[in-house]
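Colleague: Structure below; questions to follow.
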Amino acid sequence: MTIVHKEKNSIFPLLLITFIGTLGFSIVLPFLVFLVIDLGGNAIVYGLLAATYPAFQLIGAPLLGRWSDIYGRKKILLLSHGGTLAGWMIFFIALFLPVNNLFNIDVTIIGTFVITLPLAALFLARAIDGLTGGNVSVASAYVADISSDENRSKNFGKMAISSNLGFIVGPALAGILVGTVYGEVLPVLAALILSLVVLVVIVFVLKETKCSILMKIPEKNDVGRVFSFESKECYKTANPQRLKFRDIFKLKHISFLVVLYFLIFLGFNIFYTSFPIHAVNDLGWTVTQLGIFYAVLSGIMVLVQGPILRKALKKFSEEQLVIIGSVILGTNFILFVSPDIILVYGAAVLFAVGNGLMWPSVMSILANRAGTVYQGTVQGVANSFGSLASIIGLLVGGLLYNMLGATTFLVSAGVIFSVFIMSFRLIKIK
């Protein structure tokens, strides 16, 4: 067994990758629901399309996370973003396909809609992107690799800021580009080009982390001690194939943290499916109005996850911030039920504050509990549970909104309030 000391790697390339990747993803959010409806779909189809990515990510994320432990973060990030590029290429081609009906659906509970050739191509694009969509878990493992115990939470906050900056620029850019005579073509082309830029950054700018990972399964009676090892040295053995995903849950408290991870994603994704449909059907918003909303929401989150989070960490522990953030986040979903524009934007402020305080703290706690042993695998497993929650949330969100309308947001509130109650346990297990 050998010890390999890490070199100090800069987080900037990863922040740039996260920003560009998020911008490429978010640039289609304002018009995707309009595109689905124009191509013959409805709220259910929109939910199914949104759920396709996490459904395939559920398969790919844990494998990519484990491979990143074995082969290195940079190689797997390259593979992941290669899949993203392929997905956007198919998405772009779908815009030029003839709108031929493949089959019709007419069921009382889910309504009437048509699956057309372009819609089928969009599903294929999201499936390919999802299958290689381990970039979040691998990027989180990379951040954990290069972070110390003192700056880990701040680094995850920086990652969240770069992501939210992408969400500011993406929807705003979409609102401008969709207004041209080229419609959806320009923003999708922009997403395609940005994905190519990400690949260039990974190849030529991002450095591989020098942390080698212990691949041998620890003895059962030593699992807790080994997994909670806090030293920043990493270990390497010649037997990586023996790693099994179920061994991750032998780490003390990981199961509880993964359940929290699951519930947070569930609450978010019920909202994420419902709100664009709510904005179009009940609020009567245009693509530009929806883009402005997403930009404002993300802008506030940048503020929260920057100076506000740094100041909050001086007064509160990460565990306390999860509790505070979750109760604020749950409250915002209640306000979204109202069609009043002031309350809707008030809810957006609470959403940004609650999410901005809670999510970086959850990610930091999870990374800390994972230790330096199976960081990529732990992040991959957690990401898979997030993907499972996304599948359920996106499907249920579309179905519930079809039946309940804006009342669906109360379901998201209930899920997040359950996170608030469960989070008190974090104080005990700190």
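The values are calculated or read from the model by the stated rules, or taken from the named source; none is laboratory data. Worth saying up front: this structure is predicted, and the values here are computed from it rather than measured. Note that we place each Cβ from the backbone using ideal geometry, even for glycine, and neighbour counts take in every protein chain shown. These area figures cover heavy atoms from the full protein model, side chains too; ligands, DNA and RNA do not enter into them. Shrake-Rupley method; radii C 1.70, N 1.55, O 1.52, S 1.80 Å.
Residue-wise test of (1) crowded, with 19+ Cβ neighbours inside 10 Å; (2) polar (S, T, N, Q); (3) part of a helix (DSSP H, G or I).
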site: 272; (1), (2), (3): no, no, yes
site: 289; (1), (2), (3): no, yes, yes
site: 293; (1), (2), (3): yes, no, yes
site: 311; (1), (2), (3): no, no, yes
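Colleague: Conditions: (1) among the hydrophobic types (A, V, I, L, M, F, W, C); (2) closer than 20 Å to residue 256 by Cβ; (3) surrounded by 22 or more Cβ atoms within 10 Å (Cβ to Cβ); (4) at pLDDT below 85. Residue 429 meets all but one. Number of the miss?
Modeller: Unmet for residue 429, out of (1) among the hydrophobic types (A, V, I, L, M, F, W, C); (2) closer than 20 Å to residue 256 by Cβ; (3) surrounded by 22 or more Cβ atoms within 10 Å (Cβ to Cβ); (4) at pLDDT below 85: (3).
Colleague: Also: Determine whether region 7-14 contains at least one residue that is crowded, with 20+ Cβ neighbours inside 10 Å, modelled with pLDDT of 80 or more and among the β-branched types (Val, Ile, Thr).
Modeller: no
Colleague: Of the residues 103, 96, only one is part of a strand (DSSP E or B) and not small (Gly, Ala, Ser); which?
Modeller: Values: 96 fails: part of a strand (DSSP E or B).
Just one listed residue meets the conditions, 103.
Colleague: Scan (1) outside any loop (DSSP other than H, G, I, E, B); (2) farther than 30 Å from residue 406 by Cα; (3) over 16 Å from the mean Cα position of the chain (by Cα) for the single condition residue 10 breaks and write down its number.
Modeller: (1)
Colleague: Which numbered condition trips up residue 300, out of (1) without any contact (Cβ under 8 Å) to a residue 60 or more places away in the chain; (2) over 23 Å from residue 178 (Cβ atoms); (3) surrounded by fewer than 19 Cβ atoms within 10 Å (Cβ to Cβ)?
Modeller: Just one mismatch for residue 300, condition (3).
Colleague: List the helices (runs of 4 or more DSSP H) that sit entirely inside region 313-430 and contain at least 3 residues that are under 23 Å from residue 295 (Cβ atoms) and of a type in the set (A, V, I, L, M, F, W, C).
Modeller: Per the criteria, 318-335, 341-370.
Colleague: What number of residues within region 144-160 satisfy the criterion of being within 15 Å of residue 23 (Cβ to Cβ) and modelled with pLDDT of 80 or more?
Modeller: Going residue by residue through region 144-160, those that are within 15 Å of residue 23 (Cβ to Cβ) are 159-160.
Adding the requirement that they be modelled with pLDDT of 80 or more leaves 159.
Counting residues in region 144-160 that are within 15 Å of residue 23 (Cβ to Cβ) and modelled with pLDDT of 80 or more gives 1.
For every residue, the table says whether it meets (1) open to solvent by less than 30 Å² (accessible area, probe 1.4 Å); (2) in contact with a helix residue (DSSP H, G or I) (Cβ under 7 Å, 6 or more places away or on another chain).
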{"residue": "68", "(1), (2)": "yes, yes"}
{"residue": "73", "(1), (2)": "yes, yes"}
{"residue": "99", "(1), (2)": "no, yes"}
{"residue": "127", "(1), (2)": "yes, yes"}
{"residue": "148", "(1), (2)": "no, no"}
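Colleague: Those residues that are assigned to a helix (DSSP H, G or I), of a type outside the set (Gly, Ala, Ser) and under 16 Å from the mean Cα position of the chain (by Cα), I need them from region 20-48; list them, please. Walk me through it before giving the result.
Modeller: Going residue by residue through region 20-48, those that are assigned to a helix (DSSP H, G or I) are 20-26, 29-38, 43-48.
Still in the list and also of a type outside the set (Gly, Ala, Ser): 20, 22-23, 25, 29-38, 44-46, 48.
The answer is 20, 22, 23, 25, 29.
Colleague: Here are 70, 20: which of them is of a type in the set (Val, Ile, Thr), in contact with a Pro (Cβ under 8 Å, 6 or more places away or on another chain) and either in contact (Cβ under 8 Å) with a residue 40 or more places away in the chain or within 21 Å of residue 385 (Cα to Cα) (or both)? Walk me through it before giving the result.
Modeller: Details: 20 fails: in contact with a Pro (Cβ under 8 Å, 6 or more places away or on another chain).
Going through 70, 20 in turn, just one is of a type in the set (Val, Ile, Thr), in contact with a Pro (Cβ under 8 Å, 6 or more places away or on another chain) and either in contact (Cβ under 8 Å) with a residue 40 or more places away in the chain or within 21 Å of residue 385 (Cα to Cα) (or both): 70.
Colleague: So for region 246-258 (the condition being of a type outside the set (Gly, Ala, Ser), under 25 Å from residue 353 (Cα atoms) and either at pLDDT below 75 or buried (at least 18 other Cβ atoms within 10 Å of the Cβ) (or both)), does at least one residue qualify? Before the answer, list the steps.
Modeller: Of the residues in region 246-258, the ones of a type outside the set (Gly, Ala, Ser) are 246-254, 256-258.
From what is left, the residues that are under 25 Å from residue 353 (Cα atoms) are 256-258.
With the extra rule that they be either at pLDDT below 75 or buried (at least 18 other Cβ atoms within 10 Å of the Cβ) (or both), the set shrinks to 257-258.
For region 246-258, residues of a type outside the set (Gly, Ala, Ser), under 25 Å from residue 353 (Cα atoms) and either at pLDDT below 75 or buried (at least 18 other Cβ atoms within 10 Å of the Cβ) (or both): present.
Colleague: What residue, of 32, 39, is touching a strand residue (DSSP E or B) at 6+ places or on another chain (Cβ under 8 Å), open to solvent by less than 50 Å² (accessible area, probe 1.4 Å), within 17 Å of residue 287 (Cβ to Cβ) and modelled with pLDDT of 80 or more? Give the derivation first.
Modeller: Values: 32 fails: touching a strand residue (DSSP E or B) at 6+ places or on another chain (Cβ under 8 Å).
Result of the check over 32, 39: 39.
Colleague: What is the number of the single condition among (1) surrounded by 17 or more Cβ atoms within 10 Å (Cβ to Cβ); (2) modelled with pLDDT under 85 that residue 240 does not meet?
Modeller: Status for residue 240: all satisfied but (1).
Colleague: Somewhere in region 79-100, is a residue closer than 30 Å to residue 293 by Cα and touching a strand residue (DSSP E or B) at 6+ places or on another chain (Cβ under 9 Å)? Step through it out loud before you land on a result.
Modeller: Taking region 79-100 and keeping what is closer than 30 Å to residue 293 by Cα, we get 80-81, 83-96.
Subset that is touching a strand residue (DSSP E or B) at 6+ places or on another chain (Cβ under 9 Å): none.
The answer is no; no qualifying residue exists.
Colleague: Report whether or not residue 117 is modelled with pLDDT of 85 or more, touching a strand residue (DSSP E or B) at 6+ places or on another chain (Cβ under 9 Å) and open to solvent by 30 Å² or more (accessible area, probe 1.4 Å). Don't jump to the end; show me each part of the working.
Modeller: On the way: modelled with pLDDT of 85 or more: yes; touching a strand residue (DSSP E or B) at 6+ places or on another chain (Cβ under 9 Å): yes; open to solvent by 30 Å² or more (accessible area, probe 1.4 Å): yes.
Against the criterion (modelled with pLDDT of 85 or more, touching a strand residue (DSSP E or B) at 6+ places or on another chain (Cβ under 9 Å) and open to solvent by 30 Å² or more (accessible area, probe 1.4 Å)), residue 117 qualifies.
Colleague: Could I ask something else about it? Out of (1) buried (at least 23 other Cβ atoms within 10 Å of the Cβ); (2) closer than 25 Å to residue 48 by Cα, what's the single condition that is false for residue 360?
Modeller: Just one mismatch for residue 360, condition (2).
Colleague: Does residue 385 qualify as being under 20 Å from the mean Cα position of the chain (by Cα) and either within 27 Å of residue 279 (Cβ to Cβ) or open to solvent by 50 Å² or more (accessible area, probe 1.4 Å) (or both)?
Modeller: yes
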